[in-house]
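See below for the structure under consideration.
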Amino acid sequence: MRDVICDMSNCLTVENVQILSNGKVLLDVPSLILDGPGPTLLLGPNGAGKSLLLRCLHGLISPDRGRVVQDGNHLGAAQKARQAMVFQRPVLLRRSVAANLGFVLKRQGMGRRARKARIAELLAEGGLDGKARQSARSLSGGEAQRLAILRALALEPETLFLDEPTSALDPGATQMIERMVLRASARGVRIVMVTHDIGQARRLASDVVMMQGGHVVEHGPAKQVLDTPESEASRRYLAGGLVT
Amino acid sequence: MQEFSSEFSAAIALILGGDSELWAIVLLSLKVSVFAVLVSALIGMPVGAALAVARFPGRRMLIVLMNALMGFPPVVVGLLVYLMLSRSGPLGVLELLYTPTAMIIAQVVLVTPIVTALTRQVVEMLAEEYSEQLRSLGVSRLASVPVLLWDARLALVTALLAGFGRAIAEVGAVIIVGGNINHVTRVMTTTIALETSKGNLSLALALGAILIGIAVAVNAMVSAVSLRAEQEGLSHA
C-alpha cells in the first residue's frame, strides 16, 4: 500500500469509506489517496467493488460511513461540478450528435456562436467530424463512447471517471478511446478508470489500484503493481487465475 | 336494404358536396377536442413527468389514482362538470354550461389522466436510463423534467394522440354539459346520436364515416410514431 501524504491540491482522498447493503459490506476502503499525475486504473475481478468505488468518488453513491475528500474539501456540489463521468454503456440523449455536446455547453452558459465553434473542435478531437447532425442513437458503439467522452470533456473537468469504457469495443475502437484518454491526461485532466483489461492497464496507467471483494488489496505505481505485485490476490488476478 | 343504400348515397353526397352544416359540426368537434388535448398536455405532461422523477410520500397512491381515473365513466365526468358549472354550482357565475368551453372542460377532465399516466410511464422508463448520467452532468431532478420530456417527445406524441382519440369519440360527457344545441354545441358524436333517433340517417352516416376516418387516421399516426419511437429505443409499450 502506498504511503503518500496528500498535499491537498489536485488530490482525491477516500477516508474510512464503507458501503453496506442489508448488513453486508460491499465496499470497505479505510484509506486511498489518488494524487499521481497520470491515469489511475482500478483493476480487479467482477464484484471487486471497482464501479462502486468510482461512483462513490463521483458522488453518485453516498457512503454509509466515511467520506470522499477532493483537494481538502468534502465532496460537495462545487467539487462534483469539477468532475465528469463516462459510463460502461454510453447514455446519449435522443438528439443529434451536436445537440448532445450543445446540451452541456449550454448548461455552462456558453453562447450560441461559441457553442458552435466548441462543438466543431470537440467533434474533430473525437474523429466525429461530419456526424454533427446525425442522431446520436445511430452511432456505432465506438463512436457513441467517443461522443460520451467528448461530452464529459466539454465540461472541462479536473477529474474524469471512466467505468470500463472499452469493455464492449473492438481493438480499433479501444485504441481510439485510449488515445483520447491519454490526450486528456496530458492536458492535466485527472483520469480514474475502471478496467478488467490488464493490457490496457499497462498501456494507460500511471498507478494501479488493485481491488478484490470490496477492498483495495494493493495500490502503487503501475509497473510495480503489474510486474511485482505484493498481494496474493493481485498475483493470482494478473496470472489469470480465478479470484473470488 | 334499398332505404339503407339511398341513405348511404345521401351521406356520401353530403360529404362530397361540402354540406356546410356537416362540416361546421366536424370543425367544431375538431376544435373542441384539439383544444382539450392541448390543455391536457399542458397539465398532464409536467405532472406525469414530475410523478416519474419525484420521490415523495403518497406517490404510489397518486399513480394508482391517476391510472384509475383513465377508466372514469364519461357520463359521470359529464355529471360532475355539469354540477360544477350549473347555475347553483361553484362555477355557475361563469355561465359556461351549454357552451363549447364546457365541453372542452369535460374532455380535459377525461383526457388529462390518460396523458398524465402515459407520460409518467414513458418518462419513468427514460429517467431510469438517464438518471446517473444526468446526475453526473449536474442536472437536478427538477431540471431533468424538461430534458426527459423533450427526449421522450416521440412516445409522448402517441400519448397525445391516444388522448385525442378518446376526446373526439366521446359522447356522454359532452352531451350533458354541451346540451347538443344546433350551431352552438353540436359535435359529431352528439349529432349522430340525435339524428339517428330522429331517423335522419344520412347525416348520421356521413358524420359516422368522417369519425371513423379520423379514428383510423389517428391510429395510423399512433402506429407510425410508435414505430419511430421504437427505432429510437423508446416506447411505452
Tally of residues being within 20 Å of the chain's Cα centre (by Cα) and closer than 27 Å to B:Ser9 by Cβ across region B:167-192: 11
Go through region B:53-95 and count every residue that is in contact (Cβ under 8 Å) with a residue 60 or more places away in the chain, over 23 Å from B:Gly165 (Cβ atoms) and part of a helix (DSSP H, G or I). 3
Under 6 Å between Cβ atoms, at least 6 apart or on separate chains: pull out the pairs that start in region A:30-58 with a residue that is within 20 Å of A:Ala84 (Cβ to Cβ) and touching a residue at least 60 places away in the same chain (Cβ under 8 Å) and end on any residue that is among the small types (Gly, Ala, Ser) and surrounded by 20 or more Cβ atoms within 10 Å (Cβ to Cβ). A:Pro39/A:Ala205; A:Leu41/A:Ala201; A:Leu41/A:Ala205; A:Lys50/A:Gly44
Top-ranked residue of region A:196-244 - restricted to ones that are of a type in the set (D, E, K, R) and part of a strand (DSSP E or B), ranked as farthest from A:Thr174 (Cα to Cα): A:Glu218
From the list B:Ser144, B:Ser136, which one is without any contact (Cβ under 8 Å) to a residue 24 or more places away in the chain and within 30 Å of A:Ser51 (Cα to Cα)? B:Ser136
Confirm whether B:Thr189 is away from chain A (no Cβ under 14 Å), modelled with pLDDT of 90 or more and under 19 Å from B:Ile63 (Cβ atoms). no
Using the structure shown, decide if A:Leu27 is in contact with a His (Cβ under 9 Å, 6 or more places away or on another chain), modelled with pLDDT of 95 or more and in a strand (DSSP E or B). yes
Of A:Asn22, A:Asn16, A:Asn46, the only residue that is more than 25 Å from B:Ser131 (Cα to Cα), away from every other protein chain (no Cβ under 14 Å) and surrounded by fewer than 15 Cβ atoms within 10 Å (Cβ to Cβ) is A:Asn16
Condition first: buried (at least 21 other Cβ atoms within 10 Å of the Cβ) and more than 14 Å from chain A (Cβ to nearest Cβ). Can you find one or more residues in region B:146-158 that meet it? yes
State all residues of region B:73-131 that are within 14 Å of chain A (Cβ to nearest Cβ) and of a type outside the set (A, V, I, L, M, F, W, C); if no residue qualifies, say none. B:Glu128, B:Glu129, B:Tyr130, B:Ser131
Given the criteria in a helix (DSSP H, G or I), under 14 Å from B:Gly44 (Cβ atoms) and more than 13 Å from chain A (Cβ to nearest Cβ), does B:Leu161 qualify? yes
Residues that are more than 10 Å from chain B (Cβ to nearest Cβ), farther than 24 Å from B:Asp151 by Cβ and not basic (Lys, Arg): list the strands (runs of 3 or more DSSP E) wholly contained in region A:59-172 that include at least 3 such residues. A:65-70
Is it the case that B:Ala143 is in a helix (DSSP H, G or I) and more than 14 Å from chain A (Cβ to nearest Cβ)? no
For region A:146-172, enumerate the residues that are of a type in the set (Gly, Ala, Ser) and surrounded by 19 or more Cβ atoms within 10 Å (Cβ to Cβ). A:Ala148, A:Ala152, A:Ala154
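The values are calculated or read from the model by the stated rules, or taken from the named source; none is laboratory data. Being a predicted model, the structure only gives us computed values, none of them experimental. Positions of Cβ are generated from backbone atoms using ideal geometry, with glycine treated the same way; all protein chains shown enter the neighbour counts.
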